[in-house]
1. For the stretch B:311-357, compute the orientation-averaged projected area of the C-alpha convex hull (one quarter of its surface), in nm².
2. Find which of B:402, B:198, B:149 sits farthest along the positive direction of the dipole of chain B, computed with +1 on the beta-carbon of Lys and Arg, -1 on that of Asp and Glu, about the Cα centre.
3. Please list the helices of chain A that count as membrane-span-like by this rule: a mean Kyte-Doolittle hydropathy of at least 1.6 together with Cα atoms stretching 20 Å or more along the helix axis, each helix being a complete DSSP H run.
4. May I ask for the distance between the Cα centers of the stretch B:341-412 and the stretch B:171-197, given as a whole number of Å?
5. Calculate for chain A the 222 nm mean residue ellipticity that helices alone would give, adding -39,500 (n - 2.57) per DSSP H run of length 4 or more and normalising by residue count, nearest 500 deg cm²/dmol.
6. Relative to the longest principal axis of the C-alpha atoms of chain B, give the angle of the C-alpha long axis of helix B:379-407, reported between 0 and 90° and rounded to the nearest 10°.
7. Quick one: among A:119, A:68, A:231, which has the greatest mean-square fluctuation in a GNM of chain A with alpha-carbon springs under 10 angstrom?
8. How large are Rg and Dmax for the stretch B:81-155 when calculated on the C-alpha trace, in angstrom?
Amino acid sequence: MDFLNAIILLFNYIFVPALAYGSQLALGAIFVTLIYGILRFANFATGDMMSFGTMFTILFTWYFQSVGISLGVLPTALLAIPFAVIFMVGYMLLIDKFVFKYYRVNKSPPVQLAMVSIGVMFVTQAVVRIIIGPSDRRFFDGEKFLIRAGEFKDMTGLNEGLAIKSTQVITILVTVILVSTLFWFLNKTKTGKSMRAYSDNEDLALLSGIDPKKIVMITWIIAGILATIGGALYGLDKSFKPFTYFNNMLPIFAAAIVGGIGNPFGAFLGGYVIAFSEILLTYAYKKFFMYVLPESMEPDGLVQLLSTDYKFAVSFSILVIVLLYRPSGIFKGKVL
Amino acid sequence: MRKNLNVIAAYSIMMGLIILVGIFQSWNIALSIFNLCLISAVMTMGANIQWGYAGLINFGIMGYTALGGLAAVLISVNPVQEAWSAGGLNILFSLFLIIGMVLAVRYVLKKYDKSKTRTYIIAAIIILGIIIIRFVSEPGIEAIEEVNPAKTGFLGGFGLPIIFSWIVGALFAGGLAFVIGKVALGLRADYLAIATLLISEIVIAIIKHEDWLTRGVKNVIGLKRPAPYEVNLQQTDWFINLVEKFNSGKLSLISDFAERQAALNQFVIEGSSVFVKLCYSGLFLIVVIILLILTQKALYSPWGRMMRAIRDNEEAANAMGKNVVKQHLLIFVLGSAIVGIAGAMLVTQDGLFTPGSYRPMRYTFLIWVMVIVGGSGNNFGAILGGFVVWFLWIESAPIGLYLVNLTTAGLDDTHFLKVHLIESVPYFRFLMMGAGLLLIMRYRPKGILPEKIEIK
C-alpha cells in the first residue's frame, strides 16, 4: 500500500505536471527549431511572440464570454485559439515582410538576424504591454479538474490523492494532435518535403525548383500556429504574464538545442527532457522516502537536490553537458 | 579636426539635450540622467570591446553587472561579527572544499586521457563534492541567516571604502567570464548568445537566493558613499556660502530677511543634491576617460589590428599564427571586467543593492541596443550610444505622453482609449527602443558613428 502511495505521489507531483509543462515547452521548441532550420537565425523574440498570440486568445475569450458563448466544461479559450491564430499569422507575415525579408534577401549573417529579432522582441513586448498590460491574467473557465484529489482518495482508499487538472489533459491532447499533424505534414506532403529539403541544403533545393517565398510563408504560418497554441496552453495551465513568457524563452531554447537544433522531432523530445529534469531535480522527495523506507531510516531534510529557485540552472547545465559531449544535440541536428 | 566633425557634432547635440532637460525640467533630473548615461557608457564600452573588436556576442551583461554590484556590497559593508562566529567556519570550509573539488577535477583532466572512465570519474567527483558541501554548509547558512534577519542575516563584507569595489567588481566579472569563456567560447555566435543569456540568469538566481552572502531579495541598503551626504552638506558653512554666492542675484531681489533666509534654505537643499550628483559625475567621468584612453590605445595597437583580423577572418588569422582561442578568451574577460566596473559604479551611485531589479531587458538587451545604435567597433560611438539610448529610455515617458495627448486630442478625457493609452505610457519606451534598433539596423547598419580605422 505504501508503495502504491509513493507511486501516486510521484505521479501527482512529477509525472503529470512535467508532461504538461514539457508539452508547452515542446511546442515552443519546435517553433524555435523551424525558424532556425528554415530561416536560419536564432529568434530571440520567441517568448514575446508566444505572448502576442496568447494575448489575442485572451481578447477573443473575453469577447466570447461577454457575448455568452462558451464550450460548457471546456475552456472558452479553445474556441478563441483559431481566431487568435489568424491574427498571429498576420502579424508574423507582416513582420517578415517589413523586417526579416530585407536581411534574408541580402543574405546577412545569422548574427545580424538574431540582433534584428531583438528589435522585434522589443516592439512585440511593447505592443503586448500597451494592449493588455503587464499584469497577471487568468482566462481559464469551465471545469477545473478531471479528477480531484479528494475524489481519488475516496475511490481508491489510498492516502495520496491524484489531482489531474483538465488543462493538463487538454495540453497533452492538443500537443499530441498538433505535433502528429505537423510531422505528417513535414514527412508526407510535397510542401513539407520541400521545406525539409530547403532546410537541409538551400542551394540544392532552389535548383530543383522549390519556391523559397512559399517555403518562408508556410514556415511563418506554422510558426504562428505553434506559438499561439503553445502560449495559450501555457497561459491556461498557469497564467498569462508577459514577463514570464519572456523568461520561458530560456528553457525553450535549451529544449531546442538539446534536441538538436533544426530537428523538429528532437525539439519535441527536448521539451520533455528539460521539463522532466527541471521537475525531477527540484522536487523535495521527503514524503516519497517516508512511504518507501522503513520508519527508522526516514530522512530529516527535504531531500531536495536543488532548490526550486535554480530551475534555470538545470536547463542550462543540461545544455552545457549536451553541447560539450554531443555538439549536434541528442537527436542529430545541425552541427553547431 | 575636420574628419572628427561628426563626432563633435553628435556629442554637442547630446550635451545640448541634457542641458535642455536641466533648464526645462530640473538640474537634478539632468544630472541623474547624465550619471546613468556615464555608467551606460562604461557598460557599452565593455560590450563594444567584445562585439566591435572581436565579434563575440555576449548576452550575459546582466550577470556581470550584478556581480559588480555584489562586489560593492562585499567590499563596503561592515563585517557582521556574530554571523561570522555563527557560521563563518562552515562557509570557509565549504570554500576550501570547492577549491579542492576544482583541483581534483583539474588533476583528473590532466592525468588521464579522454575516455569514458574519465568522464564518469569527473561526474562522480562533482556530485560527491556537491553533496558533501551541502552537508557542511547547510548548518552554517542556517545559523548565519538567523542572526538578526531583519537587519543583517548575512556575512557582511570587509568594511573598506566602496571605491575599491570598482576594481574588485572587475575582478569578479572577469573571473566569471574566464570560466564561461572556457566552457562556451567554442560555440557558434548565436549559441554563445543563448549560453551567456542562460548563465546570466543563473548568476542572478544565485544572488537572489543565497541569502547568507547577499541578503537576497531582502536587499542591502545604506551602502557607504564616496561622496558627501546631503544632510551633512546642508549644515556646512562653506557650502551654504557657496550656494549664497551662486544665487546672489536671485536672493538680492528678496528684500525681507526671513523670506530671504527661507529662499536660501531652499536653494541649499536643492544645491546639496545637485552637488552630490556632481561629485558622482566627476568620479564616473574619470573612469570613462581612463577607459576611453585605454580602449583607444588598444584599438590602434598591433593587438587591436590582430583582433580585427581575427574578427574579419578567423581562419586567415589562425593561419598567420595567431592564437584565436586565447585572444577570444582574453577579450571576453576584458570586456566583462569593464561591465563589472559599471555594475559596481551603479550600486555605488544608488547606495543600495536590489537583486530583484536585475532584468535582462534593462541590463542586457538595452545595452546591446546602445552598442548597435552608437556604432560597434567605435569607442566614441559606443559611448554616444549609451548616452542617446539612456536619454531616450528616460525621456520616452514624457515624449510618449505628449504623443498620446496629441493623437487623442479629439477624444474626451474620460474616453476609455485615452485613459488606457495614458496608463500604458511607460511601455512606449520598449516600442521606441525596438523601432529605433530596427531602423538603425536597416538604414545605418554600422551605427550613428561607424567604425573608422586609419593607420597612423
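1. Mean projected area for the stretch B:311-357: 4.6 nm², to one decimal.
2. Toward the positive end, the furthest listed residue is B:198.
3. For chain A, where a helix must reach 20 Å along its axis and average at least 1.6, the hits are A:77-95, A:110-132, A:311-325.
4. Centre-to-centre (Cα) distance: 25 Å.
5. After summing the helix terms and dividing by residue count, I get -22500 deg cm²/dmol.
6. 50
7. So, out of A:119, A:68, A:231, the one fluctuating most is A:68.
8. Over the stretch B:81-155's Cα set, Rg and Dmax evaluate to 16.4, 52 Å.
Each value in this text was obtained by applying a stated rule to the coordinates, not by laboratory testing. Since the structure is predicted, the reported quantities are computational estimates derived from the model, not experimental observations. All Cβ positions, glycine included, derive from the backbone under ideal geometry; neighbour counts span all protein chains shown.
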